[in-house]
1. Being in contact with a helix residue (DSSP H, G or I) (Cβ under 9 Å, 6 or more places away or on another chain), among the β-branched types (V, I, T) and not in a loop (DSSP other than H, G, I, E, B): is that true of A:V179 here?
2. List the number of the failed condition for B:T132; all other conditions in (1) more than 27 Å from the chain's Cα centre (by Cα); (2) at pLDDT 80 or above hold.
3. Kindly check whether there is at least one residue in the stretch B:184-201 that is at pLDDT 80 or above, among the acidic types (D, E) and not in a helix (DSSP H, G or I).
4. Where in the stretch B:32-149 are there helices (runs of 4 or more DSSP H), lying wholly inside it, with at least 2 residues that are within 14 Å of another protein chain (Cβ to nearest Cβ), over 21 Å from A:L29 (Cβ atoms) and out of contact with any helix residue (DSSP H, G or I) (no Cβ under 6 Å at 6 or more places or on another chain)?
5. Only one of (1) without any contact (Cβ under 8 Å) to a residue 40 or more places away in the chain; (2) over 30 Å from A:V244 (Cα atoms); (3) of a type in the set (A, V, I, L, M) is not met by B:I252, so which one is it?
6. For the structure I just gave you, tell me whether A:R82 is of a type in the set (K, R), modelled with pLDDT of 70 or more, within 22 Å of A:L29 (Cβ to Cβ) and within 28 Å of the chain's Cα centre (by Cα).
7. Do the conditions hold for B:A300, that is, is it in contact (Cβ under 8 Å) with a residue 60 or more places away in the chain and small (G, A, S)?
Amino acid sequence: MAEKIYDKQNPAYYALLVALVVMAVGPILMMLMTSLKLNVDIMSSTSSLFFMPTIRNYETALCDFLWYEAAHIDYCDKTFGRALVNSLIIALVSTVLTLVIGCMAAYALVRFRFMGRDTVSLSTLTMRMVPPAVLLVPVFGIWTFQFQIDGTRAGIILVYVAMNLPFVIWILQSFIVQVPIQLEEAARMDGAGPFQVFFLVVLPLIKPGLAAAAIFTFRVAWNEFLLANALADRNSRTVPVTIVNSITEFDIDWGVIMATGMLLAIPPIIFTFVASRQIITGMTAGAVKG
Amino acid sequence: MQTANVNRLTPYLFLAPAAVIMAVALLYPIGYMVYASFLDWNPSQRIGEAEFVGLRNYINLLGDASFRESFWVTMKFAMVVVSLEMFLGVGLALLLDRNIRGMSVLRTLFILPMMIAPIVVGLMWRYMYHPTVGIFNRTLKSMGFDPIPWLSDGNWAFASVVIADVWQWTPFIFILSLAALQSLPQSAMEAAKIDGATGWQQIIHIKLPLMMPVLIVTLLLRLIDAFKVLEVILVLTNGGPGLSTEILSLRISRTASEFRELGEAAAMSNYLLILLMILTFAMFLYNKAVELRAARLRKAAEEDL
């Protein structure tokens, strides 16, 4: 397999490929370019390809993290910086929690034959279909009046963990099924308890599944807007919420808003390049196995 | 004795955290929503103080012209978007399914639009649709055409929202159908080639029928997701102009936050949920049917031997 033979294709085929790549990546590049422009350049009517790149918009957005004084900032608006910290904390904590809890549940469902696989996949599917908009009213009501955790990061994390668990359990199940039971039995013979077997034998073997699950969970928690908007207060707002808040009907500061958008887009873009294979595994598993 | 106990309890210990969290933060809210849909409730009240009004919210909604309008917009959006994406995605997969260098790079680039936050997708497209500085109108102007009112005219706004969604989600269909294509049995393909089937005949009589199970599941998954789209439209048009792009999810969130009618929003959520439930159930039944059929065929094949 090392020497793969590639078919020769006609030029039209490659032209189509190039057109598709431009279409897929073009809007993202345009956002990147706009974020590197001054507003004068954005509004000018001349060609948009040639301009002096500047990081001023990023400086404006991240002003409270700067270790130097940027000359063009008169007043530092800390909203975005705070939101970035919130987003990072919320996304990371909820990813870790979802993975740990989901992993344990998936393991129990597979190894101890709790419920049939059918029950689990039906409930996963049912949960997958629930739109965040449907959770909006009840989660707002319960979080505010009963749990009184509205406006805290913990409250937002709790919803995200619950929202992601069904998918994570279900995808990890399909990986755990493939771990040979003999391996676990051998470990048990050597005197390992159930927790040791799980953490030292099973977990290392399902790393690819964990990676896929982690990326999907992180993506949901990092990108989600609606519930965060309903639950967060001034101090726990996440980046998507601040972006939407700063879009007003008129007079949008395109340079800065594109810079914040770019900052929000960077982590998912990095994941895509690092782990595209795991992402595709996760996606195809979702459809091919139902 | 101690260890035996631990062993018996292990499955419950492993399952407990997940069960508790899902019960508290997923099932309970959904039950709560069903209850709230029978109430006349505004956000400043506790739920206990809200008045019980029976089915009034549901009946009001049925008579509400703007709810019916946004239900229709949602259906139209989902249908248009999903059929366009299926057509383009499957078409591209059939076209690009060749053995070429760099296919994995291509797939990686195609996933990008799906991974980026919907909010950001909305932002990018809003910039491109911008009446004066956006690239579309700039290009049109430099070629001497009139600018198009992308987001300020009802019909164009709907089209713009559809275009943005097609950009974001066609890759999903493309990647799934490509995976399906590449796992087709080579023997069938070769047999067809030997029998002298043309490219089109191969596609219509062999590839598409063999891909069908995956395609149908993909279609249903995408359809379910199409009903969940919210952020892109929120950023692009916020439902306007008029109600031309106000899909149900958006209307739910506006009913809750702007009109402060939590009961009505809950009833609306229930309508949406019922619709999605029917779709999901259809998908599950289809999966079961396919499995049964496969099992029957396998059994028949064994009996033949």
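1. On the way: in contact with a helix residue (DSSP H, G or I) (Cβ under 9 Å, 6 or more places away or on another chain): yes; among the β-branched types (V, I, T): yes; not in a loop (DSSP other than H, G, I, E, B): no.
In short, no.
2. All conditions are met except number (2).
3. Within the stretch B:184-201, one or more residues are at pLDDT 80 or above, among the acidic types (D, E) and not in a helix (DSSP H, G or I).
4. Details: elements: B:56-63, B:65-96, B:103-115, B:118-128, B:135-142.
Passing ranges, in order: B:65-96.
5. The number of the failed condition is (2).
6. Working: of a type in the set (K, R): yes; modelled with pLDDT of 70 or more: yes; within 22 Å of A:L29 (Cβ to Cβ): no; within 28 Å of the chain's Cα centre (by Cα): yes.
So A:R82 does not fit the description; no.
7. On the way: in contact (Cβ under 8 Å) with a residue 60 or more places away in the chain: no; small (G, A, S): yes.
When the stated conditions are applied, B:A300 does not pass them.
The rows are residues; the columns are (1) surrounded by fewer than 16 Cβ atoms within 10 Å (Cβ to Cβ); (2) out of contact with any helix residue (DSSP H, G or I) (no Cβ under 7 Å at 6 or more places or on another chain); (3) in contact (Cβ under 8 Å) with a residue 24 or more places away in the chain.
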| site | (1), (2), (3) |
| --- | --- |
| A:F199 | yes, yes, no |
| A:A212 | no, no, yes |
| A:I215 | no, no, yes |
| A:A221 | no, no, yes |
| A:F225 | no, no, no |
| A:N229 | no, no, no |
| A:R234 | yes, yes, no |
| A:V239 | no, no, yes |
| A:I243 | no, no, no |
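The values are calculated or read from the model by the stated rules, or taken from the named source; none is laboratory data. Note that the structure is a prediction, hence the values are computed from the model and not measured. All Cβ positions, glycine included, derive from the backbone under ideal geometry; neighbour counts span all protein chains shown.
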